[in-house]
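Undergrad: Structure in structure tokens, see below.
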Amino acid sequence: MHNEWQTIINRAVELRHGLHRYPEIAWSEFETAKTIRKLLDELGLRWRECAATGTVATLAPEAPGAHIALRADIDALPIREASGVEWQSEREGFMHACGHDGHTATLFAALWWMCRHEAELPGPVTVLFQPAEEGGHGARKMVEDGALDGVDAIYGWHNWPAIPHGKAVCPDGAVMAANGTFKITLTGRGGHASQPELCRDPVLAAASVTQALQQIVSRRLPAQRAAVVSVTSIDARSAETVIPDSAVIAGSIRLGSSSMREEVEGLIRDIASSTAQAYGVTANVELTPRYGATVNHAAQAGNMRAALANILGNDWQCGETRVPIMASEDFSYYLNTIPGAFALIGSGQGTLQDYPCHNPRYDFRDSLIPDVARVFLQLAGAPVPSVKA
């Protein structure tokens with residue numbers, strides 16, 4: 001059994017490195033989908049296309065127990081890789097900077113083992129290989145395309161370099177934040193830099209709006225409510241001697257609860273409009289909701305915590321990590337549809353090489369594959385190979 005499990009893990013690592021070399025961004029994961037479907041064909045598993053580049057397959061469909069789903073995301077990011085690893089991206093300007101290659105390989109490790117023990121599964125297990133998690137609402141499309149039909153509960157995870165290896169978080173309730181973006185166009189009247197009194201300066205207004213927006217969290221919301229409002233760009237390009245007609249502010253919001261969205265968006269609108277008026281310019285505010293908060297269901301979160309304790313040990317919980325973390329996940333769409341749970345599982349080694357997700361030097365830590373695959377196996381009710389198995 002040891003050789004069998006180790007062979008699977010070695011193969012999963014090889015798969016991960018192969019996927020890493022050829023990253024594909026949201027809704028363009030055509031070759032990734034071909035690789036996944038070829039591997040499912042080799043296993044003799046019937047699969048179906050879901051949400052275009054997504055893929056769904058089910059083991060033990062006639063088993064009498066509860067039907068669970070396990071999910072991996074498959075898309076990469078438009079980032080130029082600088083990790084220097086042997087399996088570095090061969091597609092210039094694209095990389096697996098969030099570890100979705102590792103998530104996919106981990107689910108395959110569990111899948112390869114479950115296929116060898118399919119008769120022992122207590123209930124059906126559906127595996128979801130989902131596209132377009134990175135801002136593309138891929139989970140929503142999967143749900144709309146029937147990925148959860150007949151499924152009783154769903155489980156997922158994300159690697160997290162800020163959490164030490166061997167630790168994790170999986171709370172009841174919110175584990176990751178809701179998010180959205182904003183764009184504010186300030187329109188004034190441009191002119192010569194020597195005559196600002198004849199202009200209505202959108203650059204000055206943009207600076208003031210930025211200052212005011214950054215005080216929403218500290219001065220307009222209670223400290224007990226988790227939120228982030230970040231201005232991430234100001235575009236008012238012009239010549240050195242020219243005051244432009246307009247300036248554009250853009251940024252991101254993060255919300256500990258989806259119910260906060262209306263309030264925070266209202267504050268952004270009010271602050272932008274009133275500040276603009278004070279400077280004699282106008283403000284056009286565009287607000288784009290993205291993902292809702294990822295909110296675990298208590299029973300399924302308990303199941304996942306039990307599996308994490310069994311695999312990682314009784315001290316697996318990372319008490320230093322406050323939840324919800326302010327990053328976002330489209331796994332929220334699944335949890336808004338059926339019960340389930342999502343965990344953040346640590347990969348940090350306590351060194352300067354613990355690059356965060358979305359960093360050009362980031363690389364998924366392969367040592368997560370056997371541990372998380374075994375967590376999936378326990379959730380599925382499959383025989384779980386021991387560390388020495």
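Undergrad: All but one of (1) of a type outside the set (Val, Ile, Thr); (2) part of a loop (DSSP other than H, G, I, E, B); (3) buried (at least 24 other Cβ atoms within 10 Å of the Cβ) hold for Ala105; state the number of the condition that does not hold.
TA: Just one mismatch for Ala105, condition (2).
Undergrad: Looking only at segment 1-45, which residues are under 16 Å from Gly99 (Cβ atoms) and of a type in the set (A, V, I, L, M)? Step through it out loud before you land on a result.
TA: Our first condition is that a residue be under 16 Å from Gly99 (Cβ atoms); within segment 1-45, this holds for 12-13, 15-26, 29, 32.
Result: Ala12, Val13, Leu15, Leu19, Ile25, Ala26.
Undergrad: Going through Arg322, Arg361 one at a time, which residue ends up being within 21 Å of the chain's Cα centre (by Cα), of a type in the set (Lys, Arg) and under 16 Å from Pro171 (Cβ atoms)? Steps first, answer last, please.
TA: Numbers: Arg361 fails: under 16 Å from Pro171 (Cβ atoms).
Within the list Arg322, Arg361, the selection yields Arg322.
Undergrad: Checking the conditions here, which among Ala174, Ala132 is out of contact with any Lys or Arg (no Cβ under 8 Å at 6 or more places or on another chain) and of a type in the set (Gly, Ala, Ser)?
TA: Numbers: Ala132 fails: out of contact with any Lys or Arg (no Cβ under 8 Å at 6 or more places or on another chain).
Just one listed residue meets the conditions, Ala174.
Undergrad: Whether any residue in segment 26-47 is without any contact (Cβ under 8 Å) to a residue 12 or more places away in the chain, in contact with a Lys or Arg (Cβ under 8 Å, 6 or more places away or on another chain) and surrounded by fewer than 20 Cβ atoms within 10 Å (Cβ to Cβ) is what I want to check.
TA: Yes, some residue in segment 26-47 is without any contact (Cβ under 8 Å) to a residue 12 or more places away in the chain, in contact with a Lys or Arg (Cβ under 8 Å, 6 or more places away or on another chain) and surrounded by fewer than 20 Cβ atoms within 10 Å (Cβ to Cβ).
Undergrad: Can I ask one more? Quick test for you: out of Gly166, Gly146, Gly156, pick the one residue that is in contact with a helix residue (DSSP H, G or I) (Cβ under 9 Å, 6 or more places away or on another chain), of a type in the set (Gly, Ala, Ser) and surrounded by fewer than 23 Cβ atoms within 10 Å (Cβ to Cβ).
TA: Working: Gly146 fails: in contact with a helix residue (DSSP H, G or I) (Cβ under 9 Å, 6 or more places away or on another chain); Gly156 fails: surrounded by fewer than 23 Cβ atoms within 10 Å (Cβ to Cβ).
The unique qualifying residue is Gly166.
Undergrad: If I filter segment 57-78 for residues that are without any contact (Cβ under 8 Å) to a residue 40 or more places away in the chain and either at positive phi or touching a helix residue (DSSP H, G or I) at 6+ places or on another chain (Cβ under 9 Å) (or both), do I get at least one hit? Even if it seems obvious, please write down each step before you answer.
TA: Filtering segment 57-78 down to residues without any contact (Cβ under 8 Å) to a residue 40 or more places away in the chain leaves none.
No, that holds for no residue.
Undergrad: Any residue in segment 8-19 that's closer than 20 Å to Arg91 by Cβ: show its pairings with residues that are of a type in the set (A, V, I, L, M) and modelled with pLDDT under 95 at Cβ separation under 7 Å, as long as the two are six or more apart or on different chains.
TA: That search, which allows pairs on different chains as well, returns nothing.
The values are calculated or read from the model by the stated rules, or taken from the named source; none is laboratory data. Because the structure is predicted, anything quoted here is derived from the model rather than measured. Positions of Cβ are backbone-derived with ideal geometry, glycine not excepted, and every protein chain shown enters the neighbour counts.
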